[in-house]
Amino acid sequence: MFLEPHFKGQRSGWIEVICGSMFSGKTEELIRRLKRAKIANQKVEIFKPRVDTRYDDRKVVSHDENSILATPIESSKKLLELVEGVSVVGVDEAQFFDMDLPEVAQMLALRGKRVIAAGLDMDYKGRPFGPMPNLLSVAEYITKVHAICQHCGNLATHSYRLTMEGDTVVLGEKDLYEPRCRTCYHMGNILNLQAKENGVK
Ligand code: ZN
């Protein structure tokens, strides 16, 4: 389990990334860390990209309904204006932010802020998702959380999409995706491809 680092001498900021597939508990882990920071009397703010409007517009909502209020913003640069006096900056659904997010996170860390970003590391095609790979490269601490594969019970790293729609940003989760391990994810894709070739929908 992640424990907050202690600093000697001059306090500086840092970047933490929590990543994984869908249903892996990323947001729950983000909320856990933010609640601990609140207990330590630190000023905490949470942001999410405006594109994510699945649930209540003002909340980071995780699947167990353990939620904290969050502010939707249009671009990652907005963060620079909104974190005056804040010591811990939470970012949810980081994969949907623009490519400036890693640079912005570093600027915030240099200003002494602790930045905690949670996001999908891969899209449903198994490709690195948006700014996530760059964010992982510049982070001090990385936690990869895992779901459980719904087919075989092994640890799941992939988000398998159950529909054939081609758009990467398809919101809404439960009916559209399931967590799968690498093997079951690829088996599913092969079967889908065969079904397509045989004209089965
Ligand atoms: Zn599996």
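The values are calculated or read from the model by the stated rules, or taken from the named source; none is laboratory data. Note that the coordinates shown come from a computational prediction; the quantities given were computed from them, not determined experimentally. Every residue, glycine as well, gets a Cβ built from its backbone with ideal geometry; the counts of neighbours run over all protein chains shown. Note: accessible area is taken over every heavy atom of the protein model, side chains too, but ligands, DNA and RNA are not part of it. Shrake-Rupley method; radii C 1.70, N 1.55, O 1.52, S 1.80 Å.
Protein heavy-atom accessible surface, 1.4 Å probe, per residue over region 14-145: 43 Å². Placing +1 on each Lys and Arg Cβ and -1 on each Asp and Glu Cβ, with no other charges, gives region 14-145 a dipole about its Cα centre of roughly 320 debye. Of the beta bridges in region 14-145, as assigned by DSSP with both residues counted there, near 10 percent are antiparallel.
Positive-end ranking of Phe96, Pro128, Ala37 along the dipole of region 14-145, with charges on Cβ about the Cα centre, is headed by Ala37. For region 14-145, the fraction of 1.4 Å probe accessible surface lying on carbon and sulfur atoms is 51 percent. Note on Arg182/Val51: beta-carbon distance plugged into 1/(1 + (r/R0)^6) with R0 of 25 Å gives a FRET efficiency of 0.35. Listed values for region 15-30 are Karplus-derived 3J(HN,Hα) couplings in whole Hz (6.51 cos²θ - 1.76 cosθ + 1.60, θ = phi - 60°), namely 10, 10, 10, 10, 10, x, 7, 5, 6, 9, x, 4, 5, 4, 5, 4, and x replaces Gly and Pro.
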